[in-house]
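Here's the structure we're looking at; comments come further down.
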Amino acid sequence: ARHLGIPLNPANAIERALNGRPVVIDSAEINEHPFFCTAGLGFEAYVAHAFARQPVRGLPIYIRTALRAFWAYRPERFVMDGEMEKELFSLTFANAGQFGNNVWMAPSANIADGRLEQCEMRPFPMQAGGVLAWRLFNKSIDWSPYWQGRSITRATVQSNGPLLIHADGEPLTLLSGRAEVRVLPGSLLVLL
């Protein structure tokens, strides 16, 4: 909703749904699990799985879960598109620019360009965590030396064991250790 400028107020959102103009945007899938904003592996998937186990929901619980996860999580190794293995803190496939709550992992993402942004966060020293969090909230993570991105239409990620992933925050486990990601151009009609 934030990425598309849809009002967060329920009455205003209903008004937009009833009177908005139709716009076609992209969606994507990771191993046939649909997503519209982001899907990912590494830290963000670790947090999604930890948050799903919480008995109570809400932003304060999510922040507390993410902070605990930050201290417990260790970067993982992935083989991207059959190339050399990489150690990454996080790997995001972004159709929209943000995870939600104005946390921007892919500031240049365009939800209707027929592409995804592949965003890699390399391991970083713990003391850089605060600056990186600040960059996520002010749409400048792509200025960090620990972030690397590129536009793609599909990708394959392989690990040595089961992969913890998320699709729009929904935790999933891929027992095969292999993730296939692809964009589905012009596949979703929304009212804006």
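The values are calculated or read from the model by the stated rules, or taken from the named source; none is laboratory data. Remember, predicted model here, so these are calculated numbers, not experimental data. So basically every Cβ, Gly included, is an ideal-geometry build from the backbone, and we count neighbours across all protein chains shown. Surface accessibility is based on the protein's heavy atoms, side chains included, excluding ligands, DNA and RNA. Shrake-Rupley method; radii C 1.70, N 1.55, O 1.52, S 1.80 Å.
What the table below lists for this structure:
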{"item": "Selection count where residues are part of a loop (DSSP other than H, G, I, E, B) and under 16 Å from S27 (Cβ atoms), scope region 68-123", "result": "11"}
{"item": "Within region 1-42, considering residues that are small (G, A, S) and crowded, with 20+ Cβ neighbours inside 10 Å, the one farthest from N110 (Cα to Cα)", "result": "G42"}
{"item": "Residue in region 141-175 that is farthest from A52 (Cα to Cα), counting only those that are without any contact (Cβ under 8 Å) to a residue 60 or more places away in the chain and part of a loop (DSSP other than H, G, I, E, B)", "result": "P145"}
{"item": "Residue tally, condition open to solvent by less than 30 Å² (accessible area, probe 1.4 Å) and not hydrophobic (A, V, I, L, M, F, W, C), over region 162-192", "result": "2"}
{"item": "Where a residue in region 1-17 is of a type in the set (G, A, S) and its partner, wherever it lies, is open to solvent by less than 90 Å² (accessible area, probe 1.4 Å) and assigned to a loop (DSSP other than H, G, I, E, B), with Cβ under 8 Å and at least six apart", "result": "A1/P7; G5/L192; A13/A1; A13/I6; A13/P7"}
{"item": "Residues located in region 22-44, provided they are polar (S, T, N, Q), in a strand (DSSP E or B) and closer than 26 Å to R122 by Cβ", "result": "T38"}
{"item": "Counted residues, region 125-138 - those being surrounded by 17 or more Cβ atoms within 10 Å (Cβ to Cβ) and of a type outside the set (A, V, I, L, M, F, W, C)", "result": "1"}
